[in-house]
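A quick write-up on the structure given underneath.
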Amino acid sequence: MWMNSLFGFSLFGTLKHCKTDAASLEPAAKHKPIDYPKPDGVLTFDRLSSVFLSNTNHEEEQPVHLQVKDMELQKTSEYAVYAGPSSRYCPAGVYEWVDADGNALTDGSDVADARFVINAQNCVHCKTCDIKDPNQNINWVPPQGGEGPVYTGM
């Protein structure tokens, strides 16, 4: 960083990205699902316990700060083509794809009954959804009142 700012170049080079994170996503049909082991509570932890440690606070009645521009595009592309990566790339488990009964969907099937649920109160404001969504269809905006995670131990 300092070499670049002082001399305009770096002897160590600069890593270039040929495309955005959103453009790097491939359709789910090209890959087999990953079977993640259950958290053991010692080295690995479940998402909601980690969200609790972030001390996240959002008022219940405030407007949702995670905005989906086109819900139909979210269903026909993000879910049907990419098998709902938002439920996996979000570190706080904010996004869920559920069926009519509220059961979690993960494989991109049952598109007609799929419903996109946003649990904005869990958001830790990492903005991954704004960067990684394959259609750039999710827009993160600052929440009303400046609420969110309160990292006291940092």
Some residue of the range 87-106 being of a type in the set (S, T, N, Q) and part of a helix (DSSP H, G or I): yes
Residues being of a type in the set (S, T, N, Q) and surrounded by 14 or more Cβ atoms within 10 Å (Cβ to Cβ) - total across the range 35-63: 3
Test: residue in the range 100-111 that is within 14 Å of the chain's Cα centre (by Cα) and either touching a residue at least 12 places away in the same chain (Cβ under 8 Å) or surrounded by fewer than 16 Cβ atoms within 10 Å (Cβ to Cβ) (or both): no
Boolean, residue 150 is surrounded by fewer than 17 Cβ atoms within 10 Å (Cβ to Cβ) and assigned to a loop (DSSP other than H, G, I, E, B): yes
Unmet requirement for residue 131, which otherwise passes all of (1) in a helix (DSSP H, G or I); (2) among the hydrophobic types (A, V, I, L, M, F, W, C); (3) exposed (fewer than 14 other Cβ atoms within 10 Å of the Cβ): (3)
Pairs, first touching a residue at least 12 places away in the same chain (Cβ under 8 Å) and crowded, with 18+ Cβ neighbours inside 10 Å in the range 64-79, second part of a strand (DSSP E or B) and among the hydroxyl-bearing types (Ser, Thr, Tyr), C-beta under 9 Å, six or more apart: 66/95
Residue within the range 25-43 that is closer than 15 Å to residue 137 by Cα, assigned to a loop (DSSP other than H, G, I, E, B) and touching a residue at least 12 places away in the same chain (Cβ under 8 Å) present: yes
Filter pass, residue 92 being small (Gly, Ala, Ser) and under 16 Å from residue 149 (Cα atoms): yes
Verdict on residue 77 being among the polar types (S, T, N, Q) and more than 14 Å from the chain's Cα centre (by Cα): yes
Residue identified as among the charged types (D, E, K, R), in contact with a Ser or Thr (Cβ under 6 Å, 6 or more places away or on another chain) and modelled with pLDDT of 80 or more among 78, 26, 72, 96: 96
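The values are calculated or read from the model by the stated rules, or taken from the named source; none is laboratory data. Source: prediction; values computed, not measured. Counting neighbours? That spans all protein chains shown, and the Cβs are built from the backbone with ideal geometry, glycine included.
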